[in-house]
Amino acid sequence: MSAPYTSGAMAGPDVDVVVVGAGFAGLYMLYRLRAFGFSAIAIEAAEDVGGTWYWNRYPGARCDVPSVDYSYSFDPELDEEWGWTEKFATQPEILAYINHVAEKHDLRRDIRFSTRVEAATWDEGANLWRVRTDSGDEIVCRYYVMATGCLSVPKAPEVEGTAEFRGDVYFTSSWPREGVDFAGKRVGVIGTGSSGIQAIPLIAREAEALVVFQRTPNFSVPARNGAVPDYLRLQLETRRDEYREEARWSRNGSPRPLPTLRVFDVDEGERFRRFEAGWHGGELSSITASFTDLMVDPDANDAVSEFLRDKIRSIVDDPEIAEALCPTDYPFGTKRPCLDTDYYATYNRPNVRLVDLRKTPIDRISERGIETQDESIDLDVIVFATGFDAMTGALLSIDLAGRGGVRLADKWAAGPVTYLGLATAGFPNLFMITGPGSPSVLSNMLVSIEHHVEWIVDCLDHLRSNGFDVVEATPTAEESWGQHVNDCADLTLFPRAASWYMGANVPGKPRVILPYVGGVGPYRKACVEVVDRGYLGFVLSGGGRVHHNDGIVRRLQPDVAALLEAREALNLPDVAGAPVEVVRAHTAALAAGRPPGPEVGELVDGTLPGPAGDLVYRLFRPESDGPHGVVVYFHGGGWVVGSHDSDDPFCRDLCARSDALVVSVGYRLAPEAPFPAAVEDGLAAVDWIADHARELGGIPGALAVCGWSAGGNIAAVVCRLARDAGRPAISGQVLLNPVTDADMTRVGYVENGTGFILTADLMRSFWDHYAPVEDRADPRASPLRATDLGGLPPALVVTCEFDPLRDEGAAYARALSAAGVAARHVDCRGQIHTSVIAVDVIRSAAAVRAEVASELRGFLSGVPTAGLLTSG
Ligand code: NA7
């Protein structure tokens with residue numbers, strides 16, 4: 001062991017780093033620490049290396065990520081000297097590989113086997129961790145790394161009477177080394193997750209009788225195992241380094257082509273062909289990667305789920321058993337799907353029986369077997385394949401006390417809170433490998449493990465080179481990371497399942513998404529950015545110096561960030577200041593590729609008389625029977641761009657959600673028709689629509705206005721003009737990202753003026769086209785300048801955090817409230833100027849679209865929900 005690094009310590013540590021666990025993560029951690037000159041020991045409860053692969057020796061245990069991917073990349077020689085015999089290696093082969101690595105790099109000499117860490121306490125005076133083991137030792141270290149695995153603490157069986165059973169009881173998660181002989185035995189298996197699904201076909205072949213006790217059926221696809229296929233073998237032989245690098249930036253840690261089409265972009269035949277190819281693909285990702293939207297769109301997921309259920313029905317002879325094996329109450333992929341060999345066909349064997357615990361739950365285990373509510377089933381052996389206290393179980397099984405004696409278990413009582421899944425505030429110098437909040441179990445673990453190990457050791461190296469010896473995540477950083485983790489999950493179907501990803505398999509465990517669903521590559525990017533920005537979100541200290549670098553690494557909603565990234569890749573021209581024809585052509589070209597928005601009952605184009613000629617409008621009628629309340633809508637486009645149909649997808653969405661007639665009005669545009677043409681047209685249009693409500697299919701008197709951006713400006717101004725004119729009556733105004741003031745010096749302009757689609761320069765050029773400087777203070781141009789806002793209709797003002805117009809919208813909501821108008825303000829976290837109208841593109845804004853629609857329903861029914869000014 002090399003000499004401990006002891007900079008700044010009062011009483012030196014025994015060792016620089018204690019690593020808990022000697023599985024894939026702990027072993028590489030030891031190797032890497034050594035390579036960087038840190039002293040380290042690993043503590044391992046088992047008698048030997050291997051972690052998960054040491055304990056899970058049940059028949060059929062295999063990794064269901066191809067072994068070519070599920071192997072270390074840090075030592076290229078390993079790929080040459082180790083040949084995998086199968087695409088998905090068995091547990092003995094994986095364990096042999098781990099042993100080979102431990103021997104090759106002489107890792108065992110720094111591992112204490114058969115020793116369990118019981119507690120670890122942060123010694124605040126000394127800035128050291130004191131780690132206590134079950135052998136009574138205390139090891140003092142500077143840094144403490146939990147390489148304890150995500151699926152390493154088995155869940156308690158939760159079935160009464162296990163101790164009374166006279167036969168043999170086994171857990172897949174701690175299988176006897178010598179194996180189990182099932183010949184001539186009556187065997188019961190409880191649990192049909194990956195472990196059960198792998199073990200059941202093999203136990204069925206040996207046992208006299210097998211009864212499977214199933215609580216929740218699982219989706220499983222054929223593994224089609226065999227020799228390592230060429231498409232994998234050749235990657236390592238011909239382009240190893242590129243392949244490994246692609247894995248690091250891939251979606252799930254195994255580089256595979258990504259889909260480009262959504263399920264309903266193709267016809268039924270093509271859809272079936274792609275699902276079928278996925279079924280035959282022989283990897284978990286073969287199905288999920290057949291389309292882009294399987295994990296986000298419930299209808300798309302229903303399509304693949306039904307395809308898979310049909311496969312089960314086609315394999316299992318008895319239709320009743322087949323139906324019992326079909327998952328129906330969660331979307332495919334939201335509970336860990338399985339890869340199997342002959343799983344469903346096993347139920348065609350005469351010696352295999354399925355007991356559906358949904359129909360006949362287990363009452364108890366007796367000395368003779370398992371008693372369900374209907375019958376007693378005599379057994380010789382019971383196998384529990386009941387899963388794990390995933391992701392947090394191992395971390396919380398150690399009594400961890402951080403700063404101020406705070407226990408990790410108390411801090412995480414409502415669910416784990418981490419920064420990047422690597423660290424947690426209040427627990428300095430503690431690192432987790434593949435902790436909650438990182439891609440972990442949703443990725444190829446080897447890629448995620450190597451990433452974390454390298455990140456941590458780089459961090460320790462950075463501390464050492466800069467004279468620091470303590471690193472700690474800040475509360476702000478971890479809270480916002482947790483928010484980001486939830487934002488990512490909320491865009492998917494994952495929260496819809498009672499899965500162990502959500503902590504739902506352990507009674508009493510908080511229901512929160514545990515892994516990061518945003519993908520391996522995007523996650524790595526965030527980790528790189530944290531370092532590049534000087535360990536953003538961490539406090540580094542030591543040698544009397546403190547580097548407090550508080551901050552948030554991901555603030556945009558994930559789909560907004562993805563959209564901005566995609567736009568950046570397109571390298572679009574900057575049209576601010578370009579001739580209006582160029583700006584209009586550019587906007588129209590971008591709009592052409594948008595999703596169309598939902599179906600509505602009817603679309604009617606028409607004209608209405610404006611002050612300077614006819615104005616074109618488009619009417620969106622709901623599917624329900626009329627008459628309906630009427631919403632007059634003003635499109636965005638800086639008074640310069642756009643028309644009655646330019647916000648079509650949003651108008652459809654608004655119509656469908658609010659069940660109102662939406663009439664989108666094309667007003668005259670600048671510079672051809674400058675201020676005040678647009679607002680004069682707006683008023684005339686509202687007046688005419690109010691007068692013709694009945695002919696249009698509307699309810700006379702039930703009329704609200706809504707507008708986005710410059711259209712929000714028009715809607716706001718029209719409300720004032722209508723009030724002053726005494727007509728028409730407007731029952732509510734919804735102002736989305738409105739322009740309310742020509743003052744372009746507000747903080748929002750400075751903070752959000754570049755990079756978020758609507759730029760400050762573009763907005764300036766819009767104003768230049770619309771109104772000469774001397775007219776801009778006119779309240780018909782800048783409604784915020786009005787001194788008489790009293791008596792206006794109730795309002796909902798929506799602003800977005802990353803919009804240059806954010807602050808003027810907020811100011812207008814405040815001004816309305818101050819004037820006694822019932823005004824509500826909603827500020828959308830992580831959204832940009834275009835988010836609210838980007839239907840089916842920015843799905844994270846769907847909630848605010850629903851809120852807008854519900855507010856309009858309230859306005860139109862005369863029961864506004866608007867009340868006090870709030871910021872949501
Ligand atoms: P899983 O996937 O958590 O599966 C556990 C199974 O056991 C699952 O079918 C459970 O049903 C069932 N179970 C759990 N408790 C009970 C009780 N009390 N009664 C009846 N049935 C029960 O664990 P695995 O070991 O199979 O796989 C873990 C991961 O390892 C796997 O996903 C891969 O990543 C590798 P439930 O669904 O909770 O109704």
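Numbers at a glance
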read-out: Hey, Tyr535 closer than 30 Å to Leu463 by Cα, part of a loop (DSSP other than H, G, I, E, B) and within 16 Å of the ligand (Cβ to nearest atom) or not; value: no
read-out: Ser440, sole failed condition from (1) on the phi > 0 side of the Ramachandran plot; (2) surrounded by fewer than 23 Cβ atoms within 10 Å (Cβ to Cβ); (3) touching a Gly at 6+ places or on another chain (Cβ under 7 Å); value: (2)
read-out: Residue within the stretch 306-321 that is under 30 Å from Val263 (Cα atoms), open to solvent by less than 10 Å² (accessible area, probe 1.4 Å), in contact (Cβ under 8 Å) with a residue 12 or more places away in the chain and more than 16 Å from the ligand (Cβ to nearest atom) present; value: yes
read-out: All positions within the stretch 154-183 that are of a type outside the set (Gly, Ala, Ser) and near the ligand (Cβ under 9 Å from one of its atoms); value: Pro154, Lys155, Pro157, Glu158, Val159, Thr172
read-out: Enumeration of residues in the stretch 361-397 that are open to solvent by less than 50 Å² (accessible area, probe 1.4 Å) and more than 12 Å from the ligand (Cβ to nearest atom); value: Ser366, Gly369, Ile377, Leu379, Asp380, Val381, Thr392, Ala394, Leu395
read-out: Test for Pro176: is it in contact with a helix residue (DSSP H, G or I) (Cβ under 7 Å, 6 or more places away or on another chain) and at pLDDT 95 or above; value: no
read-out: Set Ser643, Ser664: member being without any contact (Cβ under 8 Å) to a residue 60 or more places away in the chain, outside any loop (DSSP other than H, G, I, E, B) and closer than 17 Å to Gly711 by Cα; value: Ser664
read-out: Options Gly196, Gly253, Gly188; residue that is within 16 Å of the ligand (Cβ to nearest atom) and part of a strand (DSSP E or B); value: Gly188
read-out: Checking Asp123 against (1) within 30 Å of Ile203 (Cα to Cα); (2) open to solvent by 10 Å² or more (accessible area, probe 1.4 Å); (3) of a type outside the set (A, V, I, L, M); (4) in contact with a strand residue (DSSP E or B) (Cβ under 8 Å, 6 or more places away or on another chain), the condition it does not meet; value: (1)
read-out: Those residues of the stretch 777-800 which are over 21 Å from Pro728 (Cβ atoms), open to solvent by 30 Å² or more (accessible area, probe 1.4 Å) and not small (Gly, Ala, Ser), in sequence order; value: Asp778, Leu784, Arg785, Thr787
read-out: Residue satisfying all of: in the stretch 525-552; among the hydrophobic types (A, V, I, L, M, F, W, C), buried (at least 18 other Cβ atoms within 10 Å of the Cβ) and touching a Ser or Thr at 6+ places or on another chain (Cβ under 8 Å); nearest to Pro439 (Cα to Cα) among these; value: Phe538
read-out: Selection from the stretch 199-219 of residues that are within 12 Å of the ligand (Cβ to nearest atom) and over 28 Å from Asp363 (Cβ atoms); value: Phe219
read-out: Tally, over the stretch 226-235, of residues that are surrounded by 18 or more Cβ atoms within 10 Å (Cβ to Cβ) and either within 13 Å of the ligand (Cβ to nearest atom) or not in a helix (DSSP H, G or I) (or both); value: 1
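Residue-by-condition table, conditions (1) more than 16 Å from the ligand (Cβ to nearest atom); (2) in contact (Cβ under 8 Å) with a residue 24 or more places away in the chain; (3) open to solvent by 10 Å² or more (accessible area, probe 1.4 Å):
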position: Phe24; (1), (2), (3): no, yes, yes
position: Glu47; (1), (2), (3): yes, yes, yes
position: Trp53; (1), (2), (3): no, yes, yes
position: Gly60; (1), (2), (3): no, yes, yes
position: Pro66; (1), (2), (3): no, yes, no
position: Lys87; (1), (2), (3): yes, yes, yes
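The values are calculated or read from the model by the stated rules, or taken from the named source; none is laboratory data. From a predicted model like this one, the values you see are computed outputs, not experimental measurements. Cβ: placed from backbone, ideal geometry, glycine included. Neighbour counts: every protein chain shown. The accessibility values were calculated without ligands, DNA or RNA, using every heavy atom of the protein model including side chains. Shrake-Rupley method; radii C 1.70, N 1.55, O 1.52, S 1.80 Å.
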